[in-house]
Amino acid sequence: MTLDQAVRGGHAPPDSSGHAVRPSLGKEAADDAAVVSDGPVLERVVAVSGRRWAVPRWLRRAVGPVALLVLWQVLSASGALAEEILASPGTIAATTGDLVADGTLPSAMLVSLQRVAVGLLLGGVVGVVLALASGLSRLGEDLVDATVQMLRSIPWVGVIPLFIIWLGIGEAPKIALISLGVAFHLYLNVYAGIRGVDAQLVEAGTSLGLSRWGLIRHVVLPGALPGAMTGLRYSLATAWLALVFGEQVNADDGLGFLMNQAREFFRTDVIVVCLVVYAILGLIADFLVRTLERLLLQWRPTFTGQ
C-alpha cells in the first residue's frame, strides 16, 4: 500500500519497517474524543455580566419612616385621627418652625445636652473604674461585683424620691439619675469584655515577657474594647431615657420642661416635637459611637450583612 492510498483509505501510513503508524492526537483532540466516547458532550457555560440597578441603602432605610409619615398625614387629613389626640405632621412641622424661630427649642436642646454630657461623663468614669477594679482582680471582684449587681437590680427610676431628698430639686438629682443609669451599663459590658479575653492570649503575652501592666495595656484592654463600645451605646440610650424622667422633676428649662408645659395645655404638637428631638439626638449620638467603633476596632473584621 502506498502512502497516498493509505491516507485516502483512512489507514495509518506504514513506517520504515512496514507496520502501520497511528497518528498522534493533540491534547484537546484527545479530550474531545474522550468526551464523545464516554458520554454526552459538556459545554462550558459562560456567565453573562449585566448591570443590575441597586437601590441606595439610605433610600431603603428611609422607606419605613416616610411610609409612616404618609399614613399619619392621610389619617389626620381624613379625620380618622383627631388633632386633640395627635397632631398631624404638617401641624408638627409648623410648630417646630415656630419653636426654632423664637429660640425656645434651641435653648431647651442646649440645656438637655449639657445634662446628658455631664451625667455621661460622671457615670462613665464610675462605671469604667469599677469594671477595671472588678475585672482585673479577684479581690476587686469580691469587693465590688456583688454590691454593683445588688444595686443594679433596683429600678433606677425608683430612686428619684431619694435623690430629691438628698440632693434637692436643682440640677444635681437630674445628673445623678443619668449617671446612675450610665454607670451600670458600662460596668456590665466592660467587666464582661475583660473577663471574655482569651486566656491563651494572656499566656502568650506572659511567655513573651510582658509585665502585668503590659498584659493589661496590650492584651486585656484591646480585647475588652468591643464590649466597652457596646456598653457606651447602651449607656447613651439610657442617658436619654433618664433625662426624660429627670427633667420631670421641677425643671425650669430643657426638653422635659417643654413637654410638661405642653401637657398642661394639651399641646400634642409640642410634645411630639420634643419626642422627635429626643430621637434625633439619640440617633446622632449612636452614629458618633458607631464611627468611633469603626476607627478603634479596625483590627477586628466583622460580618456586615449580605
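The values are calculated or read from the model by the stated rules, or taken from the named source; none is laboratory data. A quick note: this is a predicted structure, and the numbers were derived from the prediction, not measured. We place every Cβ from the backbone using ideal geometry, glycine too, and count neighbours over all the protein chains shown. These accessible areas exclude ligands, DNA and RNA; they are computed on the full protein's heavy atoms, side chains included. Shrake-Rupley method; radii C 1.70, N 1.55, O 1.52, S 1.80 Å.
Using a 1.4 Å probe over the heavy atoms of the protein chains, calculate the carbon and sulfur portion of the accessible area of region 111-297 as a whole percent.
C and S fraction of accessible area: 70 percent.
Would you mind checking the radius of gyration and Dmax of region 137-229 based on alpha-carbon positions, in Å?
So, for region 137-229, Rg and Dmax equal 17.8, 56 Å respectively.
When ranked by the protection proxy of mean other Cβ atoms within 10 Å per residue, highest first, what sequence do the peptides 178-186, 132-140, 198-206 form? Before the final figure, lay out each step's value.
Values: 178-186: 26.2, 132-140: 16.7, 198-206: 12.4.
In decreasing order of mean packing, 178-186, 132-140, 198-206 become 178-186, 132-140, 198-206.
So, how do all the Cα-to-Cα distances of region 111-297 break down into 10 Å bins, in percent, from 0 on up?
Pair shares across the bins are 9, 31, 30, 18, 8, 3, 1.
Where does the charge balance sit around residue 256 when Lys and Arg score +1, Asp and Glu -1, over other residues with C-beta under 14 Å from its C-beta?
Here the charged neighbours net out to -2.
Under a 1.4 Å probe, what is the accessible area of region 111-297 per residue, stated in Å²? Don't skip to the end; give the middle numbers.
Details: 9980 Å² over 187 residues.
I get 53 Å² per residue for region 111-297.
Out of region 172-222, which trypsin sites (Lys or Arg not before Pro) are coil in DSSP terms and have no more than 13 other C-beta atoms within 10 Å?
Passing both the DSSP loop test and the Cβ count: no residue.
Based on the mean of other Cβ atoms within 10 Å per residue, sort peptides 84-90, 250-256, 96-102 so the most packed one is first.
My ranking of the peptides, most packed first, is 250-256, 84-90, 96-102.
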